[in-house]
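To keep things clear, I will list the structure first and then write my remarks on it.
The values are calculated or read from the model by the stated rules, or taken from the named source; none is laboratory data. Source: prediction; values computed, not measured. Each accessible area value is taken on the protein alone, full model and side chains, heavy atoms only, with ligands, DNA and RNA left out. Shrake-Rupley method; radii C 1.70, N 1.55, O 1.52, S 1.80 Å.
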Amino acid sequence: MPDPGTKRDSIANTFVVAVGVSLVCSVLVSTAAVVLKPRQERNQTLYRQQVVLEVAGLYRPGDDVAELFDAIDVRLVDLASGDYTNAFTAGDFDPVEAAKDSELGVAIPAALDVAGIGRRAIYAPVYIVDGGASGRQIILPVYGRGLWSTLYGYVAVAPDGNTVRALQFYEHAETPGLGDQIDRPAWLAEWEDKRLRDADGEVRIEVVRGQVPDDASPHQVDGLSGATLTGRGVMNTLRYWAGPHGFGPYLERLAQEATNDG
């Protein structure tokens, strides 16, 4: 008579048990992902809102992000015209996801795609901030290719549509100790008061090799030691979004409004 233990230890029985455990684990993981997804999305939204507030100089550790962010005027811009639009709710519009849509995204001409992103959405949200230490400023979402990853961040500009108030990235996967120098407060501080364009309207912002000379133009920022290509990625990201196929028409509108108000 066969030993019952032998049957229980058979290959077939082991296989059935393994499959059963795998199925149970899969169900648990899937359920956890579904249950946690809304919370993860909410945390991501709060984090990006916090970065917007940090770029605007309005956030301090411990502050209520949602309360502070409510004071910011979020508008949606038609990038082709530079005009505001009510086509979608600005606060809910994700330009990165919209870029993938056949109707909401457009291909970027190769000659203009210095940021290496291929496509962009036809609209983009902007965050208009009044008050604070820096006064009125406009926060623009920007993204482009670094060395190993896509760099996602925000740049704050003055009402003249040309003067940089602040720059900060919230997501990238550049090399630790090298490319991640783009997160250093000392380097980010160098961007303050730099000019995106020259007097003729040409985009001139530049991350140089090495250090900016003493007689530097208002368009230059120090390079990153050991991370030249990441620094170039930052430069090209800002050049694209400040250019005619990015926020250029909108920035020109701001400049014209500032001139009229002056």
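For segment 61-165, with every protein chain kept in place, what is the accessible area per residue (1.4 Å probe, Å²)? The partial results should precede the final answer.
Working: 4860 Å² over 105 residues.
Dividing the accessible area of segment 61-165 by its residue count gives 46 Å².
Across segment 144-155, in residue order, what do the Karplus-derived ³J(HN,Hα) couplings come to in whole Hz, using 6.51 cos²θ - 1.76 cosθ + 1.60 with θ = phi - 60° and x for Gly and Pro?
The phi angles translate into x, 6, x, 7, 10, 8, 8, 9, 10, x, 9, 10 Hz.
Ignoring ligands, DNA and RNA, how do SER22, SER102, SER149 rank by accessible area with a 1.4 Å probe, largest first?
The most accessible residue leads, giving SER102, SER22, SER149.
Tell me, what is the 1.4 Å probe accessible area of ILE11, in Å² to the nearest 10?
It works out to around 150 Å².
Enter the per residue convex hull volume of the chain, computed from alpha-carbon coordinates, in Å³ rounded to the nearest integer.
So the per-residue hull volume is 205 Å³.
Please work out whether segment 39-162 counts as rounded, prolate or oblate from its C-alpha gyration tensor, where a ≥ b ≥ c are the square roots of the eigenvalues and a/c under 1.5 means rounded, while otherwise a/b larger than b/c means prolate and anything else oblate?
Here segment 39-162 falls in the prolate category.
Enter the accessible area of THR45 (Å², nearest 10), with the probe set to 1.4 Å and all protein chains included.
70 Å²
What part of the accessible area of the chain, given as a whole %, is carbon or sulfur when the probe is 1.4 angstrom?
Carbon plus sulfur share of accessible area: 53 percent.
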